[in-house]
Amino acid sequence: MEPTVKLESVSKVIGKKTIIDNISFEIQPGEVFGFLGPNGAGKTTTIRMLVGLIKPTSGKITICGHDVRKQFVKAMEHIGSIVENPELYKYLTGRENLEVFARMLPDVDAARIQEVIDLVDLTARVDDQVRTYSLGMRQRLGIAQALLGRPDVLILDEPTNGLDPMGIRDLRLFIRKLVEETNLSVLVSSHILSEIELLADRVAIMSYGKIVQVGTVRELVDSLSPGVDWRVSDAFAAQKLLASSPDVQLAEVKDEHTVHTLMDIRKTGGLNRALLDSGIEVWTVERRVQTLEDLFIQLTGGDHIA
Amino acid sequence: MRNPNLLGLVRNEVMKIGSKRRFAVVSIILVILVSMFTYAQYRQIEEQLEKQGTLDWRVELQQDIVDTQNRLASSSIQDEFRQFLEFDLKQNQYYLDNDINPNYPGAPTFIRIFFSQGLTLVLPLFIIVIMADIVSGEQNDGTIKTLLSRPVKRWKILLAKWLTVLLYTSVLMATTAIVCYAISGIVLGYDGWTAPILTGFQASPSGAFSTEFVHTLPMWEYLLMAVGLAWIVTAVVGTIALMVSVLVKNTATGIGIMMAVLISGTLLSSLGSSWTSSKYLVNVNFNLISYLDGQAPPIEGMTLAFSLAVLACWTIGALIVAFWNFTQKDIY
């Protein structure tokens with residue numbers, strides 16, 4: 001099957017700074033693709049290149065076989081997107097917003113507009129000005145706008161920003177249902193791991209403009225070095241010792257008695273002895289449940305994430 | 001017509017501007033301004049009746065001429081102003097000699113005066129108020145991201161915005177004329193469309209004054225020309241405002257820049273002819289109706305054709321810059 005979204009060694013250089021460094025990935029029809037990374041990793045820049053707002057310095061982006069640079073109009077006919085916040089005209093009503101964007105698409109009539117309004121369940125408020133909407137309603141109107149042209153690719157940049165837990169759950173179920181019914185591809189970016197973990201079939205992790213790993217959530221978690229938590233008498237001394245060992249990938253102090261490490265579980269015996277030899281009491285050594293967060297910290301070098 | 005088409009895009013822009021109610025605000029300002037001027041006119045007529053006991057325009061014009069002569073006799077007036085007065089005097093004398101009333105009382109004359117006075121400041125100001133945020137507003141709101149990721153080429157979107165500028169310029173001209181006519185007519189009466197008016201006076205800053213090409217026109221024809229010239233000036237200002245709106249992300253800054261352009265234009269024109277190459281500046285060439293009135297242009301060598309050419313060059317330049325920037329830039 002032809003991928004709906006294809007990036008081939010795409011880079012963006014501004015001045016001397018490389019914002020996006022040679023990234024490539026593909027998204028298949030019917031796939032939810034998660035785009036994960038700390039703020040400033042380059043997720044939004046990548047998405048803006050996908051929808052033609054920013055020109056890549058090099059590389060090629062195709063949407064359903066159409067080059068975004070050379071066949072912009074054809075490529076955009078296949079994409080519906082929310083870039084950052086749902087950016088809509090606050091002084092127009094919800095329906096007027098949809099009418100404005102419908103006139104920029106081929107073959108969208110009033111019936112289709114009503115269809116997407118029903119789909120996102122906005123019928124009651126659609127004739128009110130958007131400035132009176134809650135963030136959740138704006139989000140839904142944004143999705144309605146993105147779906148107007150029956151896209152093959154739906155791009156949602158940080159769609160859960162500002163949503164309450166119920167809203168996030170609803171959005172997740174909505175996207176799942178949409179993918180099952182229409183077989184479109186969805187690209188969801190987020191800096192919140194738990195969302196992506198539940199929603200995405202495949203995940204790409206970005207850090208400093210590079211894609212550091214791509215795979216299914218299961219694959220990524222399985223590839224992890226296990227997390228091991230050490231309860232000790234002096235966490236700071238223990239951290240120094242553990243960090244200097246070649247068997248430990250990451251050692252960080254969680255509180256004055258706890259050190260969190262990523263390491264091979266079979267090496268804990270040797271390290272335990274080393275700790276005791278240097279006068280640090282070891283109270284417990286515990287294997288931690290593996291999560292995407294561990295991988296994330298491992299891959300992005302412990303960048304701050306929310 | 002298949003979507004997306006240009007007409008639909010223009011409709012979108014009109015919808016956006018319409019719902020911001022800027023044009024309503026401009027219309028209200030217009031009504032207030034015109035009402036004030038009409039009332040001032042009314043008071044003037046009253047006063048004149050009281051002083052002269054008659055409304056005969058010949059008496060009034062004669063009085064005007066005598067007044068001007070008295071002012072010219074005083075030694076304290078500046079050279080440039082003296083010249084202006086002399087032209088004024090000669091024109092009035094010509095009107096009197098040919099038995100034509102230069103200010104035939106009525107709403108059409110009010111329209112003529114309003115357009116000729118409002119051409120360089122009020123009308124451009126209105127178009128700036130309506131149009132200044134046509135691109136920068138979308139930048140501020142972030143809607144530019146949604147707008148430019150639709151399957152429509154960027155140049156088409158900007159073209160639609162420019163056509164909207166021209167459309168609103170036309171609507172503004174029509175509204176101004178209608179408001180002037182409707183309100184001033186209450187006091188001045190609604191007739192005077194066919195009153196003769198003289199055009200073709202030729203004056204130059206060096207002091208030459210010629211009546212060689214003077215001919216009479218019916219008022220409606222003169223007004224059509226005057227409104228047409230006002231349309232050109234307003235459209236040029238609107239186009240430059242569009243360019244500024246593309247280049248400057250902040251709408252307030254954009255309005256500030258446009259105000260500076262307008263005001264410096266009036267200042268430069270009134271400073272006169274010392275800096276002759278300033279005639280190539282766009283804002284010195286806004287007073288197109290003065291050519292119709294037969295007032296001396298601010299700088300030697302300026303004619304209607306010259307001013308139109310300068311305006312055309314600046315407009316094309318503004319469009320090139322606006323379109324190039326809009327289609328090339330990265331949107332963050």
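The values are calculated or read from the model by the stated rules, or taken from the named source; none is laboratory data. Because the structure is a prediction, the values reported are computed rather than measured. Reconstructed Cβ throughout: ideal geometry from the backbone, glycine too, with neighbour counts over all protein chains shown. We work out accessible area using only protein heavy atoms, side chains counted, and drop any ligands, DNA or RNA first. Shrake-Rupley method; radii C 1.70, N 1.55, O 1.52, S 1.80 Å.
Structural remarks
- The set of residues in segment A:160-192 that are buried (at least 21 other Cβ atoms within 10 Å of the Cβ) and either in contact with a Leu (Cβ under 6 Å, 6 or more places away or on another chain) or among the acidic types (Asp, Glu) (or both) comprises A:LEU184, A:VAL186, A:VAL188.
- Scanning segment A:18-37 for residues that are farther than 20 Å from A:THR62 by Cβ and modelled with pLDDT under 90 yields A:LEU36, A:GLY37.
- Selection from segment A:57-84 of residues that are closer than 19 Å to B:ASP330 by Cβ, in contact (Cβ under 8 Å) with a residue 24 or more places away in the chain and more than 10 Å from chain B (Cβ to nearest Cβ): A:THR57, A:SER58, A:GLY59, A:LYS60, A:ILE61, A:ILE63
- Of the residues making up segment B:36-83, those that are farther than 22 Å from B:ASN103 by Cα and basic (Lys, Arg) number 1.
- Under the condition of being at pLDDT below 90, over 19 Å from B:TRP231 (Cα atoms) and among the β-branched types (Val, Ile, Thr), the residues counted in segment B:93-138 number 1.
- With a requirement of 2 or more residues that are of a type outside the set (Phe, Trp, Tyr) and more than 21 Å from the chain's Cα centre (by Cα), the helices (runs of 4 or more DSSP H) lying completely within segment B:80-152 that satisfy it span B:136-141, B:143-148.
- Restricting attention to segment A:23-45, the residues that are among the polar types (S, T, N, Q) and within 13 Å of chain B (Cβ to nearest Cβ) add up to 2.
- Residues that are open to solvent by 70 Å² or more (accessible area, probe 1.4 Å), in contact (Cβ under 8 Å) with a residue 60 or more places away in the chain and assigned to a helix (DSSP H, G or I) within segment B:220-252 comprise B:TRP220, B:MET225, B:TRP231, B:LEU247, listed in sequence order.
- Considering only residues in segment B:146-178 that are charged (D, E, K, R) and open to solvent by 20 Å² or more (accessible area, probe 1.4 Å), the one that is nearest to the other protein chains (Cβ to nearest Cβ) turns out to be B:LYS153.
- For B:CYS313: the one exception among (1) in contact with a Phe, Trp or Tyr (Cβ under 9 Å, 6 or more places away or on another chain); (2) open to solvent by less than 50 Å² (accessible area, probe 1.4 Å); (3) modelled with pLDDT of 90 or more: (2)
- Residues in segment B:30-58 that are open to solvent by 80 Å² or more (accessible area, probe 1.4 Å) and either of a type in the set (Phe, Trp, Tyr) or in a helix (DSSP H, G or I) (or both): B:ILE32, B:MET36, B:PHE37, B:TYR39, B:TYR42, B:ARG43, B:GLN44, B:GLU46, B:GLU47, B:GLU50, B:LYS51, B:ARG58.
- If you go through segment A:100-129 and pick out every residue that is open to solvent by 10 Å² or more (accessible area, probe 1.4 Å) and facing chain B (nearest Cβ under 8 Å), you end up with 4.
- The listed residue being outside any helix (DSSP H, G or I), touching a helix residue (DSSP H, G or I) at 6+ places or on another chain (Cβ under 9 Å) and among the aliphatic types (A, V, I, L, M), out of B:ILE197, B:ILE186: B:ILE197
- Those helices (runs of 4 or more DSSP H) lying entirely in segment A:9-108 with at least 3 residues closer than 28 Å to A:TYR133 by Cα: A:43-50, A:94-102
- Entry remark, segment B:1-48: residues being facing another protein chain (nearest Cβ under 9 Å) and among the β-branched types (Val, Ile, Thr) number 0 in total.
- Take the conditions (1) within 17 Å of A:LYS210 (Cα to Cα); (2) open to solvent by 10 Å² or more (accessible area, probe 1.4 Å); (3) within 14 Å of chain B (Cβ to nearest Cβ); A:LYS6 misses just one of them, which is (3).
- Total residues in segment A:28-67, condition hydrophobic (A, V, I, L, M, F, W, C) and open to solvent by 10 Å² or more (accessible area, probe 1.4 Å): 1
- Inside segment A:193-235, residues that are touching a Lys or Arg at 6+ places or on another chain (Cβ under 7 Å) and open to solvent by less than 10 Å² (accessible area, probe 1.4 Å) make up a count of 4.
- Residue under evaluation B:SER277, criteria (1) surrounded by 14 or more Cβ atoms within 10 Å (Cβ to Cβ); (2) on the phi < 0 side of the Ramachandran plot, criterion not met: (1)
- Unique residue being open to solvent by less than 40 Å² (accessible area, probe 1.4 Å) and either within 9 Å of chain B (Cβ to nearest Cβ) or on the phi < 0 side of the Ramachandran plot (or both) when the list is A:ILE20, A:ILE14: A:ILE20
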